[in-house]
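A.B. asks: Just dropping this structure here.
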Amino acid sequence: MGRPPTPRAPPTALLLPLLLLLLLLPLPRPLGADPLPTEGRLVNCIQAKRKCQVDPICSAAYHYLNSCTSSVSTPSPVQEFLVPEECREAAQHLKNSSLMSCTCHRHMKNQVACLDIYWTVHLARRLGDYELDVFPYEDTVTRKPWKMNLSKLNMLKPDSDLCLKFAMLCTLNDKCDRLRKAYAEACSGSRCQRRTCLRQLRAFFAKASEPHAQGLLLCPCAPSDQGCGRRRRNTIAPGCALPAGAPNCLQLRRDCVSDPLCRSRLVDFQTHCHPLDILGTCATEQSRCLRSYMGLIGTAMTPNFVSNVNTSVALSCTCRGSGNLQEECEQLEESFSHNPCLMEAIAAKMRFHSQLFSQDGADPTFSVMERQNKSPALRPQPWVPSLFSSTLPLILLLTLW
């Protein structure tokens, strides 16, 4: 019998192109990572408007849309926005403009002006759409370790409640203390001017470090400790910050929608704290939900804890007198008071705060990186083969050819 034929070596002309193709593939991105930014997402709306003004067609279309804002009716989120046909045609002229994909930054200097441009372009954007890729803020979440210095808390009694401890941590931090005193003075009973109070509240939650702000607002209390619960509930100075009486919730929303900042914060909350199904699957991870919830504090839609003995939150409004819109009003109210995503995010943050003070013998100055609870409903990432897992089997296969 003759010897079996020797396997032929793979032709170089075939091997090299395949290897080059694999080398050009992008490396895999971590699960749950934010989508890669596009050119439009890198432009804020102020820059996009400036770019639009250079183009006569784009500039004319934008100015026409700007005149449309007063003629657009926003009856309710379950109905279509009533946008005149001429305004829709003007919007079509902007479909290839960077204005259609521009965003705003939560901490930018001219945030209100940026948001005003965004809503001028997105006239027909309905509240309740829950589109993760269509909302005014650039969707970025930075994760920084929590750095806390607990050594000076020794001046407090060992059995002091955690809300008092977080208040002390804020007092010991120059920036947190300065911002807290500013809103406390603006919101005090004798000097209360609600507009100024709300502005100072927004400044505190925008500029104070997240650990200090969340510690003050979401400090855990024992159900029997009403003093702790009262301190937590009074964090936002509800006597001045919340509306007098109890306005209708739909009127509260109408007031909010008329303001570009409040409308943007409400859309942000609806996007990131929205349950996707009856099982309570949440649209995004808890850190985004909490950040959007805190972003509403200092707006017409400021929520707060409803009592001193539990962690339920609600808007300061009622659905009495809603008439045919009773169901719609109750849905709005329950998006805060019976929202499983928000309730679990608050509970998880309070558990984390409890753990910070339950580390016996821990170094009084420590840094903790909080573990994020990621929802399975986060944007799915495209499957991209890794360079190693794709190249190695191919090489082995070709060597046996």
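The values are calculated or read from the model by the stated rules, or taken from the named source; none is laboratory data. Everything quoted here is computed from the prediction, not taken from an experiment. Using ideal geometry, Cβ is built from the backbone for each residue, glycine included, and neighbour counts are taken over all protein chains shown. These accessible areas exclude ligands, DNA and RNA; they are computed on the full protein's heavy atoms, side chains included. Shrake-Rupley method; radii C 1.70, N 1.55, O 1.52, S 1.80 Å.
A.B. asks: If you scan segment 271-293, which residues turn out to be in contact with a Leu (Cβ under 8 Å, 6 or more places away or on another chain) and surrounded by fewer than 20 Cβ atoms within 10 Å (Cβ to Cβ)?
C.D. replies: Glu285
A.B. asks: Let me ask you something else. Output the number of the condition that Arg291 fails; it satisfies all remaining conditions of (1) farther than 16 Å from Phe205 by Cα; (2) touching a residue at least 60 places away in the same chain (Cβ under 8 Å).
C.D. replies: (1)
A.B. asks: Scan Arg254, Arg263, Arg320 and give me the residue that is buried (at least 21 other Cβ atoms within 10 Å of the Cβ), on the phi < 0 side of the Ramachandran plot and out of contact with any Gly (no Cβ under 8 Å at 6 or more places or on another chain).
C.D. replies: Going through Arg254, Arg263, Arg320 in turn, just one is buried (at least 21 other Cβ atoms within 10 Å of the Cβ), on the phi < 0 side of the Ramachandran plot and out of contact with any Gly (no Cβ under 8 Å at 6 or more places or on another chain): Arg263.
A.B. asks: Would segment 164-176 turn up any residue that is at pLDDT below 90, of a type in the set (Gly, Ala, Ser) and over 22 Å from Ala300 (Cβ atoms)?
C.D. replies: no
A.B. asks: Could I ask something else about it? Is it the case that some residue within segment 326-337 is surrounded by fewer than 19 Cβ atoms within 10 Å (Cβ to Cβ) and either of a type in the set (Val, Ile, Thr) or at positive phi (or both)?
C.D. replies: No, that holds for no residue.
A.B. asks: From the set of residues in segment 136-163 that are open to solvent by 70 Å² or more (accessible area, probe 1.4 Å) and at pLDDT 65 or above, which is nearest to Leu218 (Cα to Cα)?
C.D. replies: Lys147
A.B. asks: Please work out which one of (1) within 24 Å of the chain's Cα centre (by Cα); (2) open to solvent by less than 70 Å² (accessible area, probe 1.4 Å) is the condition Ala222 fails and give its number.
C.D. replies: If we test Ala222 against (1) within 24 Å of the chain's Cα centre (by Cα); (2) open to solvent by less than 70 Å² (accessible area, probe 1.4 Å), just (1) comes out false.
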